[in-house]
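Novice: One structure is given below, represented as C-alpha cells, and several questions about it will come after.
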Amino acid sequence: MGFSAPSGVDAASVLETLKQGHQRFLEGHSIHPHSSLARLTEVAAAQHPIAAVLGCADSRIPVELLFDTGLGDLFVVRSAGNTAFTAAIGSLEFAVDHLGVGLIIVLGHARCGAVKAAFDFSSHLSPCLAQVVGQVRMQLLSEQLLNDSTNEPDVVLDRACRANALLSGQNLVNSSVLLTDHVRQGNLRVETGYYNLDTGEIDWLGAVDA
Ligand SMILES: [Zn+2]
C-alpha cells in the first residue's frame, strides 16, 4: 500500500497515494486497507495519519471511503460547506503541529447545500447555521460570485462550489499563523479539490499559497 509514517513525509507522495486510492474507488476496486481488528489494535496506542482533510459534512462524501483508506490513515474535519471555523482551524493545527501531517486537502463538492444556501438571502436560518452560511456567503461575495446573472443558475452554483473549496483553503491558511508558517517553510502543502457527486471524480483545483 505504500502508507508511510508522517515524519519527514513528502506531501507529493502522500497525495499520489491518496490519488491511487481514489482511482481504485472510482474503478470499483477498493481494497479497504487498514480496516482489520489488527489495525485497530495497532493504532490504538498512537495515531500517525498520512494527511488531513477539511471536507463538507454532506453524507455523500465519506472521505475515508473515497480515498480507499482505513483506520488511522486520515485526520478528517468535516463541516457544512467545508468551512474553516475556529474548531476546524484548531483541529488542523493539531494535525500539523502535533501529528506531523504535511498535507491538508480541502474538498468542496458539487451542489453543496451550504453554498446553495448562501445564494438565498431571504431564508430564515438558526443562529449557528446562519454563521456557517454567512461565512460561505462572505467568501463568495469577496469574489463577486453571488451576483452572476449572465449564466444559468446551475453554472453559477457549480462555479461557486468550486470557488468555495479554494476560498476555504485560503481562509484556513490565512486564519492561522501556525499553518501560514508551515506552508512558508515548506513543511505543509494545502491542496484544494472539487468532488463530483455524479461521477465520484475529483477535480484538483491547486495548492494554497501563504
Ligand atoms: Zn456541502
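The values are calculated or read from the model by the stated rules, or taken from the named source; none is laboratory data. Note that the structure is predicted; figures quoted are calculated from it, not measured. Cβ placement follows ideal geometry from the backbone for every residue including glycine, while neighbour counts extend to all protein chains displayed. For accessibility, only protein heavy atoms count, side chains too; no ligands or nucleic acids. Shrake-Rupley method; radii C 1.70, N 1.55, O 1.52, S 1.80 Å.
Novice: Considering only residues that are within 9 Å of the ligand (Cβ to nearest atom) and open to solvent by 50 Å² or more (accessible area, probe 1.4 Å), look in the stretch 99-127 and name the one that is nearest to the chain's Cα centre (by Cα).
Specialist: Among them, the one singled out is Arg111.
Novice: All but one of (1) out of contact with any helix residue (DSSP H, G or I) (no Cβ under 6 Å at 6 or more places or on another chain); (2) among the polar types (S, T, N, Q); (3) away from the ligand (no atom under 13 Å from the Cβ) hold for Gln139; which doesn't?
Specialist: Gln139 satisfies every listed condition except (1).
Novice: Counting only residues that are closer than 18 Å to Gly193 by Cα and not hydrophobic (A, V, I, L, M, F, W, C), how many does the stretch 144-166 have?
Specialist: Qualifying residue count, the stretch 144-166: 4.
Novice: Hey, any hits in the stretch 54-72 for a residue that's away from the ligand (no atom under 16 Å from the Cβ), part of a loop (DSSP other than H, G, I, E, B) and either open to solvent by 20 Å² or more (accessible area, probe 1.4 Å) or at pLDDT below 95 (or both)?
Specialist: Within the stretch 54-72, one or more residues are away from the ligand (no atom under 16 Å from the Cβ), part of a loop (DSSP other than H, G, I, E, B) and either open to solvent by 20 Å² or more (accessible area, probe 1.4 Å) or at pLDDT below 95 (or both).
Novice: A follow-up question, please. Go through (1) within 14 Å of the ligand (Cβ to nearest atom); (2) surrounded by 21 or more Cβ atoms within 10 Å (Cβ to Cβ) for Gly169 and report which single condition fails.
Specialist: Every condition holds for Gly169 apart from (1).
Novice: Test Val96 against the stated conditions and say whether it is aliphatic (A, V, I, L, M), more than 11 Å from the ligand (Cβ to nearest atom) and either surrounded by 13 or more Cβ atoms within 10 Å (Cβ to Cβ) or touching a residue at least 60 places away in the same chain (Cβ under 8 Å) (or both).
Specialist: yes
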